[in-house]
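Readers should treat all values here as calculations from the given coordinates under stated rules, not as data from a laboratory. From a predicted model like this one, the values you see are computed outputs, not experimental measurements. Here the Cβ positions follow ideal geometry from the backbone for every residue, glycine too, while neighbour counts run over all protein chains shown.
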Amino acid sequence: MSTAYISHRDSLEHYMGEYHPESPDRVKAIEDQLILSRIEPFLTYLDAPLATESQLELVHTKEHIKNIQMFVHENEYRVIDSDTKMNPHSYQAALRSVGASITAVDKVMSGEVKNAFACTRPPGHHAEPNRAMGFCFFNNIAIAAKYALEKYSLQRVAIIDFDVHHGNGTEMAFKDDSRVLMCSFFQHPLYPYSEVHENSPNMLNTPVPAYTDGKVIRQLVETQWLPKLREFKPEFIFISAGFDAHREDELGQMGLVEADYAWITRQLMNIADEYSHGRIVSCLEGGYHLSALARSVVAHLKELADLG
């Protein structure tokens, strides 16, 4: 079985301004690097469909969905917050991002592919059930996880978030939900300036200081994440795949490199092989230095596709 690569041209139409780091060039850089790395023939390419409102409602309130829909105006920008804007194409692109994550679940559960990577934008892990923020409109990974639980009657799913920023929206969606284990590290203090408090039983979120490097993160994964995942025995693993903890990315100040992302991916694949029938869905989150992002995604995909 192969690895699915799910995207859509609508992801390139969402645009928040000339100097905004969350730009269409992110997807273009990834796809260029896939060609240069010569791994594209080994991936199964799929177009992302549009998500339905009922799928959005798995995580988000009706009021939130309507508020986003109200911002859709022809030939106008609408400001959601100081970091987040919509153009006339943003809503459709956001629906494709959710649709990509839903399709990924279906394709993996059906056995058509071993695992899947959703390369769409906007990202999602900051989007809370009733609020868009931090470049995010709808929480792609949270919706996919909830969909897997409900559509396929799974009992336990894990969400791994290795973005440099805390996935506050994902935590809010699943805090105290015993069916979901969320493991993450994030630079602290850094946007969204989440409070550091004792984890709830299903949340293993570890703040780390600026300039934390891959050696420290690997130790964290080995001593904290892997034992917790083995204890939990997830039936499906979801990855909020942000690559902005890379040492070249200026939106954070951490020190990971491509080899670290490949190593983390391999550890998660080992857990998936042991407990989850190999089932993994990964969704693109952050990563804003174009070259570092593209190289890191390729390293991630090489592991998912067993090409490492």
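How far is the Cα center of the range 250-308 from the Cα center of the range 120-137, in Å? Here the two parts' Cα centres lie 21 Å apart.
Taking the number of Cβ atoms within 10 Å of each Cβ as an exposure proxy, the fewest-first ranking of Arg9, Arg266, Arg279, Arg96 is Arg9, Arg266, Arg279, Arg96.
The phi torsions of the range 19-28, fed into the Karplus equation with coefficients 6.51, -1.76 and 1.60 and a -60° offset, translate into couplings of 9, 6, x, 8, 10, x, 4, 4, 5, 4 Hz, rounded to whole numbers, with Gly and Pro shown as x. Under 15 Å from the 7 Å Cα→Cβ point of Lys66, by amide nitrogen: which residues of the range 92-136? The answer is 130-131. Each residue of the range 97-113 is assigned a 3J(HN,Hα), and the resulting list reads 4, 5, x, 4, 5, 5, 4, 4, 4, 4, 5, 6, 5, 6, x, 5, 9 Hz, derived from the Karplus form 6.51 cos²θ - 1.76 cosθ + 1.60 (θ = phi - 60°), x at Gly and Pro. Shape annotation for the range 166-280: C-alpha extents along the principal axes are 36, 30, 20 Å, from largest to smallest.
The calculated pair-distance distribution of the chain uses every alpha carbon pair, bins of 20 angstrom beginning at 0, and gives 38, 60, 2 percent.
Amide H contacts of Ile239: Ile160, Val281, Ser282, Cys283, each under 5 Å away and 5 or more positions distant or on a separate chain (H built 1.01 Å from N in the peptide plane; Pro and chain starts excluded). Between Val79 and His277, the modelled labels are 4.9 nm apart [label points 7 Å from Cα along Cα→Cβ]. Between Arg179 and Ser110, the contour length at 0.36 nm per residue exceeds the Cα-Cα span by 22.7 nm. Taking 1.002 mPa s as the viscosity and 20 °C as the temperature, the Stokes-Einstein diffusion coefficient of the range 78-146 based on its alpha-carbon Kirkwood radius rounds to 171 µm²/s. Cβ crowding within 10 Å, taken as a proxy for footprinting-reagent exposure, orders Glu57, Glu171 from fewest neighbours to most as Glu57, Glu171. Between Glu13 and Asn130, 0.36 nm times their residue separation minus their Cα-Cα distance comes to what? Contour length minus the Cα-Cα distance gives 39.7 nm. Here the Karplus relation 6.51 cos²θ - 1.76 cosθ + 1.60, evaluated at θ = phi - 60°, turns the backbone of the range 281-291 into coupling constants of 10, 10, 10, 5, 10, x, x, 10, 8, 4, 5 Hz, with x for every Gly and Pro.
Amide H contacts of Asn205: Ser184, each under 5 Å away and 5 or more positions distant or on a separate chain (H built 1.01 Å from N in the peptide plane; Pro and chain starts excluded). Between Ala4 and Thr44, Lys114, Asn115, Ala116, Phe117, the built amide H atoms are under 5 Å apart, and every one of these is 5 or more places off in sequence or on another chain. Most simply put, the chain has about 10% antiparallel DSSP beta bridges, counting only bridges with both residues inside it. Remark on the range 113-179: ratio of C-alpha radius of gyration to 2.2 N^0.38 Å is 1.11. In summary, the lysines within cross-link reach of Lys107, defined as a Cα separation below 22 angstrom excluding same-chain residues under 8 places away, comprise Lys146, Lys151, Lys233, Lys302. Under the simplified labelling scheme, the Glu150-Leu226 pair shows an inter-label distance of 3.6 nm, with each label point 7 Å from Cα along Cα→Cβ.
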